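Let me begin by presenting the structure, written as structure tokens, before commenting on it.
The values are calculated or read from the model by the stated rules, or taken from the named source; none is laboratory data. This is a predicted model, so every value here is computed, not measured. Ideal geometry is used to build each Cβ from the backbone, glycine not excepted, and the neighbour counts take in all protein chains shown. Ligands, DNA and RNA are stripped out before the accessible areas are found, and what is left, the full protein with its side chains, is counted by its heavy atoms. Shrake-Rupley method; radii C 1.70, N 1.55, O 1.52, S 1.80 Å.
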Amino acid sequence: MGTGWTPSLLAGMIFRPVVDPLWVGLLTAGALGLAVWAWRRGHAGETGVATLTAMLLRPMGVAAVGVLLMGPSVMPESGEAPTPTPLTILVDASASMQTRDVPAGGGGTGGGSAVPRYAFARGVWLDVDRLASLRRAHDVWVYSFGSGLSAAVPDEDGADRRASDVLGAVAEAANLMGEGHVVVISDGRHSVGGDVGATARRAAVAGVQVHTVTLGGATRATDLALEARPRQRYLMAGEAGVLDVRLEGVNAAGRGTTLRVRHGGRETTRRVALPAGDAAAGGDASVRVEVPVRHDEPGLYVYEVSADTLPDEPEANNNAATVFLEVTERRMRVLVLEGRPHWDTKFLSQALRRDDRVALKQITQVTPERRERIVTRAEEAGPDASPPGGGSASASAFGVPESLEDWSAYDVLVLGRGMEHVLSVASADALVRYVSERGGRVVLARGRAYDPGRPGGGALGRAWSVMEPVVWSPGSDHGLGGVLYPTDYGQTHPAFARLMRATDGVPAVAALPTLDETSAIDGLKPGTRVLATLGEPPQAPDSVDETSEGGGGIVEMGYGRGRVVAVTGQGLWRWGLATGADEDLAGVYDAFWSSLVRWLVMGAEADAGADVSLRLSGRSVALGEVLTVTVVQRGAAEGAEVSAEVVGPDGAVTGLSLERRTGAATRRVGAFTPTETGVHTVRLRGLDETPESGVETSGGGKFAVYDGNMERRRTAADPGLMRRLAEDSGGRVLDPREPGALGQLLAAERAAQVVPPVPRYVWDRWGWLVLLLGGFGAEWLLRKKGGRW
């Protein structure tokens with residue numbers, strides 16, 4: 001026998017001998033024999049209590065040592081039950097989960113008995129009895145997710161969320177838990193950006209294992225989707241424009257359709273073929289079509305654009321779009337002021353001169369003694385448009401605004417640097433009133449427009465600090481420039497529309513402008529929105545916000561009734577050279593400045609001459625996207641209590657709450673989220689008390705809602721994403737047909753976490769040591785008392 005022999009001799013006791021029990025027995029027997037032999041030899045014929053006691057104590061001591069060598073031990077009972085395991089179950093409630101391709105028995109694609117993916121998830125994986133069984137040993141939480149987590153789990157018909165952020169849901173659940181298990185029940189259709197590997201690794205570091213259940217198969221329903229938008233949101237009367245139409249086909253490569261454009265009772269048609277594509281595209285293809293438009297009279301024009309349904313296309317509600325085109329009458333009056341001549345100002349002015357709807361006046365302080373003025377389309381460029389002799393003049397303040405009325409003659413002001421050489425303090429104060437009271441628009445084209453260290457610069461800074469969207473750093477320090485990256489807000493802004501079309505919606509690094517120098521800033525003002533960041537590109541999904549958090553390269557902010565845009569540095573002119581060498585990017589620089597000016601002029605919140613102005617944040621709004629409605633009151637209508645309502649395509653009326661914004665008593669803002677496609681109309685109420693006031697509703701307040709939901713168009717499951725999410729986090733890929741495997745997996749881990757009891761030697765106590773030493777000591781004293789050692 002080996003040293004592991006542990007027979008149970010007494011109830012609750014086991015023995016763990018230090019050597020083989022046979023050797024322990026032999027040693028003990030030998031020691032007892034020696035003890036008896038020694039006693040007989042030294043005490044033969046002796047009697048008495050002491051002698052007899054000594055005779056018993058020595059064998060007892062030897063026997064006790066023998067017992068100790070056998071390692072008597074006790075096994076404590078298993079202590080506490082392990083702590084309940086945190087378990088979070090995430091079920092995908094996006095629209096793609098309504099795809100009917102899961103057999104009633106589970107698995108991948110199915111036949112006639114197939115059920116929707118979400119119905120299978122609720123009926124099998126979220127079964128009430130199954131969840132109750134899991135809750136007996138685990139701390140279970142169940143969430144649904146679309147674009148974010150929700151504690152509400154919809155019924156089988158309620159899974160229709162328009163986005164599916166699988167990675168975001170996992171990251172949020174891991175943050176809430178700290179440690180434990182996450183089970184993701186989804187088809188893997190992730191419609192938001194992100195890095196699956198990074199998300200899984202962050203969960204693993206946090207102590208969270210992600211297990212995945214993939215539902216569905218390679219379902220690819222044929223679908224044709226149409227999007228149409230005006231290339232220029234605003235056109236001038238007589239100006240040629242373009243409607244950009246994009247047809248995207250899912251499982252429709254190489255197919256053809258008829259594009260129909262209806263306007264004013266007339267219809268034009270064009271045959272359009274989707275490209276054949278390649279195998280990597282999986283049958284998906286897209287094509288762009290340009291529809292030319294032109295109107296000689298100002299007004300709001302409506303175009304209905306549609307594509308004929310494909311023979312095997314199950315849904316046609318995304319095959320049509322309504323486009324609104326706003327046409328205005330007069331040219332935009334722009335004033336460019338420059339105190340230090342620079343390439344930025346030269347290229348900017350040239351870009352605006354090429355726009356025949358801009359009447360431009362440029363005033364440059366060439367030297368302290370010489371001022372130059374260049375006027376384009378003088379008949380509409382503003383007051384004092386044509387100086388004596390034309391062209392340029394020197395040492396004269398001709399055309400430089402001094403009063404509020406002077407500034408109000410222009411729609412947009414573009415300021416370079418060195419404004420302390422051009423403007424007086426009184427003129428700077430009047431400019432602030434022009435923005436706040438008259439709804440003026442200002443562009444700071446080269447960062448801080450003044451040098452606070454020069455005479456007059458500090459006074460301009462104090463006057464303009466209230467309207468600047470950024471907080472400039474003290475002094476006149478400048479930092480290094482870099483590449484500009486449009487934010488999510490900037491990518492949908494008219495100023496970047498041409499760039500986004502040229503790069504197919506993905507602004508490549510090489511395609512973006514660079515700044516060679518920036519004015520140092522300490523931060524952004526509240527309410528500032530970032531169009532483009534400067535430096536490293538934002539990484540989805542943690543892209544730079546459009547609000548005042550973080551820094552910005554191009555920013556904009558409303559001040560009073562007006563708006564101020566700031567390019568925080570200089571060097572943007574290089575973009576004009578770079579895009580000129582690229583055929584795809586040709587004209588992007590000119591389009592940036594032209595579109596920015598048009599947006600400032602025609603997208604302003606208040607219209608000149610109108611007591612009440614209604615402005616919408618967009619004319620084409622995606623289903624579920626928030627539309628911002630802004631009402632500006634002034635003059636006779638300033639004290640009226642104005643309300644608004646939205647009339648849907650079916651005639652249903654929805655009240656719209658308007659909130660008065662702090663710092664602008666006559667500005668009211670409301671938000672509306674459309675729930676159905678078609679043309680909607682915003683109507684104002686509460687103006688009966690001021691019938692004499694003019695009302696400008698910007699085209700009757702009409703806007704179109706379209707369905708851009710990719711969840712219904714791209715429904716093929718993505719098991720690869722789900723597998724990587726599980727493997728990189730240390731989790732498991734679970735079979736949809738075996739929901740019981742989850743309980744077995746958790747039970748095995750729970751059992752592994754239980755620490756088995758460790759046997760304890762019974763003699764490993766001070767009392768036993770005292771008793772053993774006391775016995776041997778008593779035997780020795782008795783022997784000594786008897787005169788024997």
Task: Relative contact order for region 418-497, counting Cα pairs under 8 Å that sit 6 or more residues apart, in percent - done: 30 percent
Open item on the list: Under a crude label model (7 Å from the Cα following the beta-carbon direction), how far is residue 675 from residue 516 in nanometres?
Closed with: 5.7 nm
Task: Residues whose placed amide H lies under 5 Å from that of residue 238, excluding near-sequence neighbours - done: 295, 296, 297
- [ ] Taking amide H positions as placed in the peptide plane 1.01 Å from N, state which residues far from residue 471 in sequence (5 or more) or on other chains have amide H under 5 Å from it.
- [x] 522, 523, 524, 525
Open item on the list: Quick check: residue separation of residue 192 and residue 751 times 0.36 nm, minus the Cα distance between them. What number comes out in nm?
Closed with: 197.4 nm
- [ ] Once you have the Cα-Cα distance between residue 13 and residue 67, take 0.36 nm times their residue separation minus that, and quote the gain in nm to one decimal.
- [x] 18.2 nm
TODO: Taking 7 Å along the Cα-to-C-beta vector as the label spot, tell me the residue 23-residue 150 distance in nanometres, rounded to one decimal.
DONE: 7.4 nm
Open item on the list: Let me check I've understood the local charge: for residue 255, count other residues with C-beta under 10 angstrom from its C-beta, Lys and Arg +1, Asp and Glu -1. What total comes out?
Closed with: -2
- [ ] Provide the per residue accessible area, probe 1.4 Å, for region 136-283, rounded to a whole number of square angstrom.
- [x] 43 Å²
Task: Charge sum, other residues only, whose C-beta stays under 13 Å from residue 362's C-beta, Lys/Arg counted +1 and Asp/Glu -1 - done: +4
- [ ] Kindly sort 525, 346 by accessible area of their heavy atoms, largest first, with the probe set to 1.4 Å.
- [x] 346, 525
TODO: Name the residues whose placed amide hydrogens come within less than 5 Å of the amide hydrogen of residue 715, ignoring near sequence neighbours (fewer than 5 apart) on the same chain.
DONE: 221
Task: Distance (nanometres) between label positions extended 7 Å along Cα→Cβ at residue 727 and residue 374 - done: 6.1 nm
